[in-house]
Amino acid sequence: MPFYDALESRSSEERERDLFHALPGLLARAGRLASSFPAVYGDVDAASITSRKALEALPVFRKSGLAELQKRVPPLGGLATVEVGDAARLFASPGAIYEPEGRRPDYWRVARALFAAGVRVGDVVHVSFSYHLTPAGSMVETAAHALGCAVIPAGTAPTEQQVAALSHFGATAYGGTPSFLKVLLEKADELGVDVSRLKRASVSAEPFPASLRTLFEGRGILGLQWYATADAGLIAYESEGGEGLILDESVILEIVRPGTGTPLPAGDVGEVVVTVLNPDYPLVRFGTGDLSAILVGESPCGRTNVRLRGWLGRADQRTKVKGLFVDPGQVAEVLRRHPEVLRARLVVTRALEVDAMTLRCEVAAAGAAGLAEALAQSLRDVTQLRGEVELLPRGTLPNDGKVVDDTRTYG
């Protein structure tokens, strides 16, 4: 099976060595040129960050804090190492978060995902992601150009116009959301327009359910998914014959317990934290706010990098109880005070128009004297709210990454 480059078949040891050989130089450059880097990450001895253990000593900087930092230090929060005038494009994503696109070919590294989906030199790629202020359209276009493809920059043009262009140019590949590809195919059927040359779809930005995969397969279209953020670019992608999403070769991945920087073992659901080896915009221990888990073992396709299960929800489980916010970080602080607790989940309920909290805790010895009372006191100290405590045996709580579970309904 062909690979995009030799990096995809490296041994795990070789990949780890290469990534952590490059990381100190990236950190040193950021420390010199990114004005906010010292404030965010502290006084980093770049030369010493040569292992995962050393990287874990740095704080997680979460996407939820990026907008605020960019307001204080415009335009890019002092995290870029280049001036905005040296960028190729500048984007403004929803939530008032701004991103640069550098001048390097395939800046977002999405060519690797398109290649895995079967896109090759000479293909005509119909791109229906927006080109206006958000980077998704440019992500696919720059990737397609790097592969030697022509691009139809359809963006958000009217559906009938897109179908006409797709047919007229004989598009062979599609880049956009899976749901809009379904819309295009249905519109083509309605208009009696032939789009049968379309054989590949590289989709992102929303779930890709089995029903849509089957629908595309019935039309002779192989659809594969990729996962990216506007800040970090490509994080992981699907391959033909594989399972899960394969990590990009320029990303150091951690799955951490939500609200903390503590890495979790493979298989446990937690927040996706990435360190991206991008010299222009070096995001280090960047918390995406997305939940996922690492799949054990290598992909059947032959690519050797670690795999993600895919998007499993949001890690930011902040909610209000009796007018006060509670979040995963507060639960983590309670657990820090009580190392006897293995895992915990704060369940928020509502009965007779009154909010209530129960901290459900897995412990090795459920009958530990006084532990429930001590936990209840710590919960009150940290959140300023009263809550019940329930002690449970190991393995009771579901492995879904939830730390704050708001089950309330409102009639």
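Candidates are the residues of the stretch 1-15 that are in a helix (DSSP H, G or I) and touching a residue at least 24 places away in the same chain (Cβ under 8 Å); the one that is surrounded by the fewest Cβ atoms within 10 Å (Cβ to Cβ) is 12.
The single condition from (1) under 19 Å from residue 244 (Cα atoms); (2) within 14 Å of the chain's Cα centre (by Cα); (3) at pLDDT 90 or above; (4) surrounded by 18 or more Cβ atoms within 10 Å (Cβ to Cβ) that residue 311 fails is (3). Criterion first (touching a Ser or Thr at 6+ places or on another chain (Cβ under 6 Å) and closer than 23 Å to residue 406 by Cβ) does residue 308 satisfy it? No: the conditions fail for residue 308.
Any residue that is small (Gly, Ala, Ser), more than 21 Å from residue 257 (Cβ to Cβ) and either at pLDDT below 90 or in contact with a helix residue (DSSP H, G or I) (Cβ under 8 Å, 6 or more places away or on another chain) (or both) - is there at least one of those in the stretch 337-353? Looking through the stretch 337-353, at least one residue is small (Gly, Ala, Ser), more than 21 Å from residue 257 (Cβ to Cβ) and either at pLDDT below 90 or in contact with a helix residue (DSSP H, G or I) (Cβ under 8 Å, 6 or more places away or on another chain) (or both). Among residues of the stretch 183-223 being surrounded by 12 or more Cβ atoms within 10 Å (Cβ to Cβ) and of a type in the set (Val, Ile, Thr), the one that is farthest from residue 129 (Cα to Cα) is 193. Please verify whether the stretch 155-164 includes one or more residues that are buried (at least 21 other Cβ atoms within 10 Å of the Cβ) and either at pLDDT 95 or above or out of contact with any Asp or Glu (no Cβ under 7 Å at 6 or more places or on another chain) (or both). Yes, the stretch 155-164 contains a residue that is buried (at least 21 other Cβ atoms within 10 Å of the Cβ) and either at pLDDT 95 or above or out of contact with any Asp or Glu (no Cβ under 7 Å at 6 or more places or on another chain) (or both). Is it true that residue 218 is of a type in the set (Gly, Ala, Ser) and in contact with a Lys or Arg (Cβ under 6 Å, 6 or more places away or on another chain)? No: the conditions fail for residue 218.
Here the stretch 302-326 is the region considered, the condition is being out of contact with any strand residue (DSSP E or B) (no Cβ under 8 Å at 6 or more places or on another chain) and not hydroxyl-bearing (Ser, Thr, Tyr), and the residue that is nearest to residue 112 (Cα to Cα) is 302. Among residues of the stretch 29-45 that are β-branched (Val, Ile, Thr), those with a Cβ under 8 angstrom from a residue that is in a helix (DSSP H, G or I), sequence gap 6+ or separate chain, pair up as 40/69; 44/27; 44/31; 44/37; 44/38. The set of residues in the stretch 38-82 being in contact with a Pro (Cβ under 9 Å, 6 or more places away or on another chain) and aliphatic (A, V, I, L, M) consists of 40, 44, 46, 47, 49, 76, 79, 80, 82.
The set of residues in the stretch 229-268 being among the hydrophobic types (A, V, I, L, M, F, W, C) and in contact with a Pro (Cβ under 9 Å, 6 or more places away or on another chain) consists of 230, 255, 256. If the condition is being of a type in the set (D, E, K, R) and buried (at least 16 other Cβ atoms within 10 Å of the Cβ), then the stretch 319-334 contributes 327, 333. Restricting attention to the stretch 249-272 and to residues that are farther than 18 Å from residue 41 by Cα and in contact with a helix residue (DSSP H, G or I) (Cβ under 6 Å, 6 or more places away or on another chain), the residue that is surrounded by the most Cβ atoms within 10 Å (Cβ to Cβ) turns out to be 258. Of all residues in the stretch 74-112, those satisfying the criterion of being closer than 15 Å to residue 36 by Cα and surrounded by fewer than 16 Cβ atoms within 10 Å (Cβ to Cβ) are 74, 75, 83.
Residues checked against (1) assigned to a helix (DSSP H, G or I); (2) under 24 Å from the mean Cα position of the chain (by Cα):
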residue: 25; (1), (2): yes, no
residue: 43; (1), (2): no, no
residue: 47; (1), (2): yes, no
residue: 57; (1), (2): no, yes
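For residue 151, the requirement of being surrounded by fewer than 23 Cβ atoms within 10 Å (Cβ to Cβ), within 30 Å of residue 96 (Cβ to Cβ), in contact with a helix residue (DSSP H, G or I) (Cβ under 9 Å, 6 or more places away or on another chain) and at pLDDT 95 or above is met. Suppose the filter is closer than 27 Å to residue 138 by Cα, aliphatic (A, V, I, L, M) and at pLDDT below 95; does residue 80 pass it? Against the criterion (closer than 27 Å to residue 138 by Cα, aliphatic (A, V, I, L, M) and at pLDDT below 95), residue 80 does not qualify.
Listed here are the helices (runs of 4 or more DSSP H) enclosed by the stretch 63-176 that have at least 2 residues being in contact (Cβ under 8 Å) with a residue 24 or more places away in the chain and within 23 Å of the chain's Cα centre (by Cα): 66-72, 111-116, 136-146.
The values are calculated or read from the model by the stated rules, or taken from the named source; none is laboratory data. None of these values were measured; they are calculated from a predicted model. Don't worry about glycine lacking a Cβ; one is built from the backbone with ideal geometry, like all the others, and counts go over all protein chains shown.
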